[in-house]
Structure formats: C-alpha cells, structure tokens
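See structure below.
The values are calculated or read from the model by the stated rules, or taken from the named source; none is laboratory data. Model, not experiment: these values are computed from the prediction. Here the Cβ positions follow ideal geometry from the backbone for every residue, glycine too, while neighbour counts run over all protein chains shown. Side chains are part of the model used for accessible areas, which takes the heavy atoms of the whole protein and leaves out ligands, DNA and RNA. Shrake-Rupley method; radii C 1.70, N 1.55, O 1.52, S 1.80 Å.
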Amino acid sequence: MADVMADVEADVLVAGGGLAGLAAAALLALHGTRVVVAERRPTTSLHPKARLVNVRSMEIYRALGVERDVLEAGEPNAGFVVADTLAGEHATWVAPPPEETSAADDVSPCRPYSCDQQRIEPILLRRAAELGADLRLATAVEGLVVGGDGVSARLCGKGGAATVRARYAIAADGARSALRRQLGIGMHGEPVAGTAVSALFRADLGRALRGRHVDAILCRSAEAFLFARGSPADRTWQLGTHLRPGWDGAALPGHLRDVVRAATGLPDLRPAIESVQTWTTGAWVADRFRHGRLFLIGDAAHVMPPYGGFGGNTGVADAHNLAWKLAAACRGAEPAGLLDTYQSERLPIAELTVAQALLRSRKTPGRPAPPDQVDATALVLGFRYPPAAGAPVEDPAAPSGEPGTRAPHVGLTDGRSLLDLFDPTAHTLVADGEVSRADVLPGHRARWDAVYAGRRVLVRPDGVIASVSSPGSG
Ligand SMILES: Cc1cc2nc3c(=O)[nH]c(=O)nc-3n(C[C@H](O)[C@H](O)[C@H](O)COP(=O)(O)OP(=O)(O)OC[C@H]3O[C@@H](n4cnc5c(N)ncnc54)[C@H](O)[C@@H]3O)c2cc1C
C-alpha cells in the first residue's frame, strides 16, 4: 500500500472502494488513466450483499479481463424457489426467471452468474492494482473541494493525512454518500418501509437439502430468505429477514438462530452466526449525477430494494459508461459535451431500474409478473441512451442497431464473440468485409444482417453503438 503521508497527483480520485468504485478504478486504469482510490475500511467488503452478477456485468468483467476469475469465485445461477422450509418438498419450485437463465449463448457470450460481492471486490482490486491504480485502504476522503480546473481533498489514514489533487473525482461512497450531501445534491423517489436483517452463518444443511441444490429460497413459514453463499467448496448461508419488535442488542443473534431453524426446518440446528447487518433501503435517484468535475456512481447515485439484484450491477454499468469518457477528457480528447452524456445517459436508466426494483419488491413471489415489469435481460442489455419515450428498452434478441444501443453479440465461427473484437479502450469500427457474414455462426446471421451487414458501425469503448453509416456515405 502506498504511503498515505505523501501528497498525490492523479487524473481521477475515486472516493469509495466498494463494487462501483473498484470497477471504476480498474476500468480507468485499463485506459491508462492515473487513478487513486481511497476506501475508508481496512479491507474490501466482508459481508456478502450483491450475489447476482447480471449478464451485462459479466460482459464488462470479460472486457476487463476478469471474467474467468469471477467464474472461478462463484457458481452458475440456479434461480429461486418458494417453499415452507428448506427441508420441505419444494413443490412450488419457481422456474428461474427467463432473464436469469436464457440470456446466454444467444444474446451474449456471457451468462448471468452467482458470485458474492465480497468475492468480486478483491478480484477488481487486484485487477486495478495490476493495471497501475493507486489503491489506499483504511483511508478516508475528507474536505473535497471541486474547483473549476480540478479537485482537491485530504486522504486521511492511520499514517496521517495527505493532499490529493486530481482533474476529476468520482463519488462512489455508497448509499449514504457524504459527498453527495456535501454538494447539496438531493434525491428523488420514495422510502421503503421496514428494516431488513441479513445474517451470515455456517451450518451443515445436508439433512435439509438431501442432495438438492438451492441458490435462493423464500421460506414462507419463517418469513425469511435463505441464500447459498460462497461456492460449493466453501459454502456459507445467508439469512435475510425483517427486523421484528424487540429484536435488538444482545438478543438479536438468538432470534436469528430461531429463524434459521424455522426456515431450514431443522429444529435442532446450531447455526454459527458469523456476521449480522441491519439495513434499510429506499427507491431513490440523485437529482444530478454531475457536479462540475465530480461524478456520482453506484449507490451514491441510486438506491433500490435488492429485488432483481440490480443495485451493484447498475453501479458497475455506471462505472463502465463513465470511465472511457473521463479517460478521453484526461487525454484532452473529449469531444464537446462528452462528459455531460454521463448524466443524460445514466440518470434515466437509473430511474427506470429503481422503478423496476421497486415493482419486484412488491410482487408476491411465485405469482406472474405484473404487466409493467420489464424483462431483466432487456433492462440490462436492451437499454437505449437516451431511453425512447414509451419504449425505454428493446429486445436484445432483435436489436435495432441504432446509435445509443448496445452493439449486439454475434457468435463467430472461430468460437469468439464479435464483442471480443471490440477494443475496450478505444472506438472500434466494425466494417462489413473485415468481418464478413461467412465468419458469423449460421444461427446468428439474421442479427448480423440486421445490424452490421453493409454498414460501418462505430462502437464506443463501452460497447455502445456511436454511429452507423453506409460505405460511401463518409
Ligand atoms: C442484502 C443485499 C443484497 C443485495 N443483492 C444484490 C444483487 O444480487 N445484485 C446486485 O447487483 N446488487 C445487490 N445489492 C446491492 C449492492 O450491494 C449495492 O448496490 C452495492 O454495494 C453498491 O456498491 P457501491 O460501490 O456503490 O457502494 P458500497 O458498496 O456501499 O461502497 C461504498 C464504499 O465507500 C466507502 N466510503 C464511504 N465514504 C467514504 C469516504 N469518505 N472515503 C473513503 N471511502 C468511503 C465505504 O466504506 C464503502 O466501502 C444487494 C444489497 C444488499 C444489502
């Protein structure tokens, strides 16, 4: 770890090394941008929060060169079940939502995956360090000043304080973002009632599972969720439930053990509770994502109920959208207004995603989706910058190929995806002829014909179509 006492010059200061801040750091470092990240905790997250890694995040991790590490750290997503207890017969298996199983081979080279946030953060941290990012744990960002030609702040750690000067700053300091409040940026949305409790525990649940694999289960008898955590080789479990009156202080672990026993259907179980977190959520979006040279990403920019598993993934997508723009600005290669597009592109997507998470939080598990529920794969792959009124997302299986949409995957006969040919640090021109129809898997040729055939498609470093032209049209 770098010496916290020495003053620091950087292109970008990232305040907060959670999922979004570490993704931003790694992506900025991939561009060769000098980035310093300060995280006030001494380690990456210890308590598992996000587990569902959606297919878009997997594509981002692939571009970053860490898809394999994530695959090794987690396990395939196995969907969700509703039952009375884990030990019960699970007659009410709920088929995994299509977005969690089928967003694979056809529309993306990646699959949605299950990997705990506390396992992904070290992967991103390692990758950021490998790419040259300056990472400082146990270091808080204080006294941030956003000026006309740069930002400055104090980095405060055990060894003392240092001044950091950077051209831009990213506030990735989480849902309670002090930076957002300091800058007077309000949030719009609505509160979500209740306090949730999450307890991580170890227990041998073999008697309840009887050889079955369960990734996530709603145990009705206990009003609680159980989530498999870790990986098959290092299995822990997480209990998610709501805080009930009188459950405080020293009595809380005892109550949680009772709920684990009720949820598993194993009355004699002695679960070893390793950590407990209580948290409240809401459905909020920041009124602005930019304050001069400072940009909000992740939970600092939007807070949503965990239903649908969108929270962390949306933060990673924010980082992906912002990193190449900041890198261009730091190289002096920023076309006029490029940095403004971070807010104009991501804020409407955040509003849409928060609304969808809220809708899912109010749905009865096992019941059909309400008509206004947007398919999660369409939400994360079919986005449009900016969203079109009335049709905010498109079907990723039938992409329009319009500027502002994700450049679609087509499988190539050599086993790669067209996405693998995109340069994550520069614009890529896909010109029909350089890759030809004959290089495309037969089953993907209709999509090739619809989007790429006979055109020159310019793809941004974040895999979004920048422009489309026909040869000869300049
Ligand atoms: C139970 C639960 C389940 C969830 N499941 C999912 C899921 O399946 N999929 C999904 O995508 N999301 C999920 N989420 C949401 C996800 O965990 C969050 O959206 C994600 O952690 C946000 O990442 P972040 O980096 O924006 O913020 P955080 O992870 O909160 O990180 C912010 C960091 O900033 C640091 N910090 C704050 N102030 C300062 C400062 N002044 N200086 C230095 N550092 C500072 C904090 O210490 C913290 O580490 C879940 C959340 C919960 C609670």
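Key figures for this structure:
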{"item": "Scope the range 292-325; condition of a type in the set (Phe, Trp, Tyr), under 24 Å from Asp340 (Cβ atoms) and in contact with a strand residue (DSSP E or B) (Cβ under 9 Å, 6 or more places away or on another chain); matching residues", "result": "Phe295"}
{"item": "Criterion: more than 30 Å from Ala29 (Cβ to Cβ), away from the ligand (no atom under 14 Å from the Cβ) and either surrounded by 14 or more Cβ atoms within 10 Å (Cβ to Cβ) or of a type outside the set (A, V, I, L, M, F, W, C) (or both) - qualifying residue of Arg165, Arg207", "result": "Arg207"}
{"item": "Residue within the range 184-204 that is more than 11 Å from the ligand (Cβ to nearest atom) and touching a His at 6+ places or on another chain (Cβ under 6 Å) present", "result": "yes"}
{"item": "Single unsatisfied condition, Gly254 versus (1) away from the ligand (no atom under 16 Å from the Cβ); (2) free of Cβ contacts under 8 Å to residues at least 12 places away in the same chain; (3) within 23 Å of Gly309 (Cβ to Cβ)", "result": "(3)"}
{"item": "Subset of the range 356-379 [β-branched (Val, Ile, Thr) and in contact (Cβ under 8 Å) with a residue 60 or more places away in the chain]", "result": "Thr377"}
{"item": "Those strands (runs of 3 or more DSSP E) lying entirely in the range 265-380 with at least 3 residues open to solvent by 50 Å² or more (accessible area, probe 1.4 Å) and not acidic (Asp, Glu)", "result": "272-279"}
{"item": "Qualifying residue in the range 228-235 (condition: open to solvent by less than 50 Å² (accessible area, probe 1.4 Å), of a type in the set (D, E, K, R) and touching a residue at least 60 places away in the same chain (Cβ under 8 Å))", "result": "yes"}
{"item": "Residues that are of a type in the set (Ser, Thr, Tyr) and assigned to a loop (DSSP other than H, G, I, E, B), drawn from the range 105-142", "result": "Ser108"}
{"item": "Close pairs (7 angstrom Cβ cut-off, 6 or more residues apart or separate chains): in a helix (DSSP H, G or I) in the range 165-192, open to solvent by 30 Å² or more (accessible area, probe 1.4 Å) and within 9 Å of the ligand (Cβ to nearest atom) anywhere", "result": "Leu179/Asp173"}
{"item": "Options Ala286, Ala251, Ala317: the member that is touching a Leu at 6+ places or on another chain (Cβ under 9 Å) and not β-branched (Val, Ile, Thr)", "result": "Ala286"}
{"item": "Unmet requirement for Ile465, which otherwise passes all of (1) modelled with pLDDT of 95 or more; (2) open to solvent by 20 Å² or more (accessible area, probe 1.4 Å)", "result": "(2)"}
{"item": "Only one of Gly298, Gly292, Gly311 that is at positive phi, assigned by TED's automatic domain parsing to the domain that holds Ala169 and either without any contact (Cβ under 8 Å) to a residue 12 or more places away in the chain or near the ligand (Cβ under 8 Å from one of its atoms) (or both)", "result": "Gly298"}
{"item": "The range 396-439: number of residues that are of a type in the set (Val, Ile, Thr), within 22 Å of the chain's Cα centre (by Cα) and open to solvent by 40 Å² or more (accessible area, probe 1.4 Å)", "result": "1"}
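Here's the yes/no breakdown for (1) more than 8 Å from the ligand (Cβ to nearest atom); (2) crowded, with 24+ Cβ neighbours inside 10 Å:
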| site | (1), (2) |
| --- | --- |
| Asp7 | yes, no |
| Gly16 | no, yes |
| Ala25 | yes, yes |
| Leu28 | yes, yes |
| Val35 | yes, yes |
| Arg40 | no, no |
| Ser45 | no, no |
| Val53 | no, yes |
